[in-house]
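Visitor: I'd like to ask you about the structure that follows.
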Amino acid sequence: MTTALPVDSSYERPGAGIDVEQGLAETLLTQGPDALLLLTTEGIISFLNPAAERLFGYSKEELIGVAHSRLLVEDDRGGFLRVWSRLGGGSSFGTRPFPGLGLHREGREIPLEITCSLVTTPAGTSMAVAVRDTSHRQDDDAGRRSAVSLLDATFETTADAIVVVSNTGQITGVNEQYLKLWGMPREILAEDDAYALVKFIAKQLVAPDCFKAKVAELYADHELHSHDLLEFQDGRTVELYSRPQKVADEVVGRIWNFRDVTTRTMAQDQARRALDELAQQADQLKALAFQDPLTGLANRMLFNERATAALESPGPVAVLLLDLDDFKEVNDILGHHAGDQMLVEISRRLQNCVGPHGTVARLGGDEFVVLLVGCGDSDAVAQRIVSTLNAPVSIEGTLMRPGLSLGVATRGTEGMSSSELLRQADVAMYAAKEAGKNCYVHFQPEMLATLLERTQLTAGLRRAVELGQITVFYQPVISTNRREVIQFEALARWERDGVLMAPDAFIQTAERSGLIRDIGAEVLRQSCTELQSWLAEDPGRTLAVNVSGVQLQHKDFAERVLDIAAWSRVDPHQLVLEVTESVFFDADSHVIQQLITLRAAGIRVALDDFGTGYSSLGRLQELPVDAVKIDKSFVSMLHTGEERLPILTSMIHMAHSLGLRVTAEGIETPTQARYLMEHECDALQGYLFSRPVPGARRAAAVTQSAEAIAALQEPAVAL
Ligand code: C2E
Ligand code: CA
Ligand code: CA
């Protein structure tokens, strides 16, 4: 506003002879919203309008002739004079609104927007000042100002390295951290070339091309946001966050925010590694808890868990329990290491048979179990197991054929527990053993009756021992030299309810229950008593008694035998103890020691069932034995006498070369007898001469044997 105004405002005499336009100007001046003042060259207030009175709280009288500084906060006084001088110098400064801080009569500060211009009045040059209260804007301004200062502060104090590049490639903002992070010289910024920065950064990275490609991608699309990790060649890791810079929704450039996350990444890596290790350890522990350490198969716990889970859902569930036959002998003869190898081989074969859908577990020792879930044909698997496991295996140079008995039980009624199923498979497995091994047998409810019978058998046998129902039968053994009976083998019999039971029906039970000790002693006592006088007649005659490994495990065995011999007045030199080779491989050395003691006392030891065990002929010389009894299975191979049986003949020769006497048992035909006589067997035993007979019929057995020997001397009838 440059309208000339009198120093003494005319509004004191409103309407005094002036035209309409002037009247309107006056109205505006007196009633308008803006505060207006006129200042003299000295800054003295020469005029003010009512709006100015209201704004500052003074009356016109109080301000006219007063220095303008009265209306300003002290600090701003000097500034006002500067405006005057600049306006005087022709500068536009001041004609544009500028902020100032006014002072109300009551001492309150008033934020102002001030506009000034020089005006010419009759009194000379004055400064017209328009003042507007901006306190209503103050809040907005303060917010904006503090936001800007906050931004500035953040920009410089943040740990992040930031650079802002405009769409046209100018660097519009960069902070100290940015230069520090990349070790960038300040001069590079002066070039104002954003690509120079990219190159500078890229050469420090492990994958510079990736970074350049990323930058290109981001520049190609202004709207893109991106998060990336950059790997420094020196091992540091930097996180890059890039986003568009927008002003009023328009993208004007791009903000690049880099953060050094090396320590964080390292800590994360460490934490991840530690977690991985922990998880691994937990897995290992879990595996150990559920794994058989030797074979790596599932153990009993895992088997139970899986079987229980399987039985909770519908569908076929089968349990196949298998036990290796004669595994103990492998362990005893070849050592535990070989035994372990055998078990590992068995588990490998089992897993192949079963595949990934079944669970193979080792329950302990030589007992394995297979769980089949959802398999409709458990018979096929059982058959596969039997044939696969029975194939020969070479363990430490020895070829062996693992034998097994397999029991199969399948889920029948609902609500069956895994232990019940396992028990049924166990019962079936025993049935398989009894059925002749190397076969599988399904569980049948009748088998439980058999099991019950076995329990009853043990109880009955115990009573039989107490009641003296164990008797002895004798089978003659003929000397091929002397062509007469030179030995009787004592064979146990059980008179059960008037029926004679053969030892095969009860010896195993007696061994399992330990009753064999009493039975063995009883057989020895009875036979020594019975044969004492027969033996006394001829020192060349002997009595052979069978001894089980279980008996030898008792430390007083040798002592008991010698006691009975002494008590019955039988010369120990006329006693032969028949043992199977398994007793020699017992881990307890006192078993062998007992045999050595007995031999020292004159008692002889014969190796029974020779040729059927695991031992090779080569081991024979190490054993404390005096004789061998060739098993009847070899003799039964002789039919015509024309057969070439190298095993049989080499067994005889081998034994002879070691100074052992050889008896062949199970001789049923004259052909067999002649063949063995030709091959210089020392003694023969078998039904051909006599079956085992009760003591009372011994004499008849001797006569019958003599007749049979005589018949052998007659020329063989050509068939
Ligand atoms: P072993 O010691 O091999 O006894 C020979 C078995 O073969 C006897 O069966 C006998 O009757 C049978 N035998 C004899 N000649 C022939 C033959 O020409 N053909 C056939 N097929 N068999 C023949 P047994 O008496 O039934 O005894 C069976 C097994 O029971 C014995 O086999 C022996 O291992 C065991 N045993 C018998 N008595 C006792 C005993 O008092 N104590 C111990 N620990 N075991 C005994
Ligand atoms: Ca025998
Ligand atoms: Ca035998």
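Visitor: Evaluate the Debye formula for the chain with equal point scatterers sitting on the alpha carbons, no solvent, and hand back log10 of I(q)/I(0) at q = 0.06, 0.08, 0.11, 0.12 Å⁻¹, in q order, two decimals.
Guide: Scattering profile of the chain, log10 relative to I(0): -0.63, -0.85, -1.19, -1.27.
Visitor: Please report, to two decimal places, log10 I(q)/I(0) for the range 464-712 at q = 0.09, 0.14, 0.15 Å⁻¹ as given by the Debye formula with identical point scatterers on the Cα atoms and no solvent.
Guide: The calculated log intensity ratios at q = 0.09, 0.14, 0.15 Å⁻¹ are -0.37, -0.95, -1.10.
Visitor: Helix 77-88 against the longest principal axis of the chain: what's the angle in degrees, Cα atoms only, rounded to the nearest 10?
Guide: 60 degrees
Visitor: Please list, by residue number, every one of the GluC sites (Glu not before Pro) in the range 182-258 that is coil in DSSP and has at most 11 other beta-carbon atoms within 10 Å. Spell out each step's value before the answer.
Guide: On the way: sites: E187, E191, E217, E223, E231, E239, E250; in loops: E191, E223.
For GluC sites (Glu not before Pro) across the range 182-258 that sit outside H, G, I, E and B with at most 11 neighbouring Cβ atoms in 10 Å, the list reads E191, E223.
Visitor: Moving on. Given the rule -39500 (n - 2.57) for each run of at least 4 DSSP H residues, summed and divided by the residues of the chain, what is its mean residue ellipticity at 222 nm, to the nearest 500 deg cm²/dmol? Working shown, then result.
Guide: Values: 25 runs with 309 residues, N = 719.
That comes out to -13500 deg cm²/dmol.
Visitor: Where in the range 320-345 does the amide nitrogen come within less than 15 Å of the point 7 Å from the Cα of S633, taken along Cα to Cβ?
Guide: Correct set: 325-327, 329-330.
Visitor: Does anyone have the angle between helix 336-354 and the longest principal axis of the chain? Alpha-carbon axes, 0 to 90°, nearest 10?
Guide: Helix 336-354 sits roughly 70 degrees off the main axis of the chain.
Visitor: To test your reading of the geometry: what angle, between 0 and 90 degrees and rounded to tens, separates the Cα axis of helix 262-290 from the longest principal axis of the chain?
Guide: The angle comes out at about 20 degrees.
Visitor: How many nm is it between the label spots at A123 and S59, if each spot is 7 Å from the Cα in line with the beta carbon?
Guide: So the two model labels end up 2.0 nm from each other.
Visitor: Just in the range 370-433: which GluC sites (Glu not before Pro) are loop by DSSP and have at most 15 other Cβ atoms within 10 Å?
Guide: Values: sites: E396, E414, E420; in loops: E396, E414.
Counting only loop positions with at most 15 other Cβ atoms within 10 Å, the GluC sites (Glu not before Pro) in the range 370-433 are E396, E414.
Visitor: So how far apart, in nm, are the two label points at R108 and A248 if each is 7 Å from Cα heading toward Cβ?
Guide: If labels sit at R108 and A248, their model points lie 3.4 nm apart.
Visitor: What number of lysine-lysine pairs in the chain show an alpha-carbon separation below 20 angstrom, given a sequence spacing of 8 or more or placement on distinct chains?
Guide: 9
Visitor: Over the chain, what is the relative contact order in whole percent, taking alpha-carbon pairs under 8 Å and six or more residues apart? Mind dumping the intermediate values first?
Guide: Working: 1145 pairs, mean separation 44.1, N = 719.
That works out to 6 percent.
Visitor: State to the nearest 20 debye the size of the charge dipole of the range 289-377 about its Cα centre, where the only charges are +1 on K and R beta carbons and -1 on D and E beta carbons. Each step should come with its number before you reach the end.
Guide: Numbers: 6 positive and 13 negative charges, 72 e Å.
Charge dipole of the range 289-377: 340 debye, to the nearest 20.
Visitor: Provide the FRET efficiency to the nearest 0.05 for the S419-E446 pair, computing r from the beta carbons and using R0 = 25 Å. Walk me through the numbers on the way to the answer.
Guide: Details: r = 21 Å, r/R0 = 0.83.
Approximately 0.75, to the nearest 0.05.
Visitor: Then there is this: Given a cut-off of under 8 Å on Cα pairs at least six residues apart, what relative contact order in percent is computed for the range 127-286?
Guide: Worked out over the range 127-286, it gives 18 percent.
Visitor: Also, I was wondering about something else. Given R₀ = 25 Å, FRET efficiency for L500-D325 by Cβ-Cβ distance, to 0.05?
Guide: Numbers: r = 29 Å, r/R0 = 1.14.
About 0.30, to the nearest 0.05.
Visitor: Ranked by Cβ crowding within 10 angstrom, fewest neighbours first, how are K328, K629 ordered?
Guide: Working: K328 16, K629 25.
Fewest-to-most Cβ neighbours within 10 Å comes out as K328, K629.
Visitor: Can you quote the Å³ per residue value for the convex hull of the Cα atoms in the range 291-444, rounded to an integer? Write down the numbers at each step before the final one.
Guide: Values: hull volume 14.8 nm³, N = 154.
Convex hull volume per residue, Cα atoms: 96 Å³.
Visitor: Further question: Taking R0 as 22 Å, what FRET efficiency do you get between R144 and T115 from their Cβ-Cβ distance, rounded to the nearest 0.05?
Guide: That pair, R144 with T115, gives E of 0.55.
Visitor: Any idea what diffusion coefficient the range 158-287 gets from Stokes-Einstein, in µm²/s, Kirkwood Rh on alpha carbon pairs, 37 °C, 0.692 mPa s? Could you put the intermediate results ahead of the total?
Guide: Working: Rh = 16.4 Å.
For the chosen part, D equals 201 µm²/s.
Visitor: Under unit Cβ charges (Lys, Arg +1; Asp, Glu -1), what dipole magnitude, rounded to 20 debye, does the chain have relative to its Cα centre? Intermediate results must be reported in sequence, preceding the final value.
Guide: Values: 66 positive and 98 negative charges, 190 e Å.
With only Lys, Arg, Asp and Glu charged at Cβ, the dipole is about 920 debye.
Visitor: Specify the inter-centroid distance of the range 444-497 and the range 512-549, based on alpha-carbon positions, in whole Å.
Guide: Rounded to whole Å, the Cα centres lie 13 Å apart.
Visitor: Treat the count of other C-beta atoms within 10 Å as a stand-in for reagent exposure and order M416, M342, M301 from fewest to most.
Guide: Numbers: M416 16, M342 21, M301 12.
So the residues, fewest neighbours to most, are M301, M416, M342.
Visitor: Quick one: order C439, C528 by neighbouring beta-carbon count within 10 Å, fewest to most. Don't skip to the answer; put the middle values down first.
Guide: Details: C439 16, C528 23.
Lowest count first: C439, C528.
Quick note: the coordinates plus some simple rules give every number you see, no bench work behind them. These numbers come from a predicted model, not from an experiment. For neighbour counting, all protein chains shown are included, and Cβ atoms are generated from backbone atoms with ideal geometry for every residue, glycine included.
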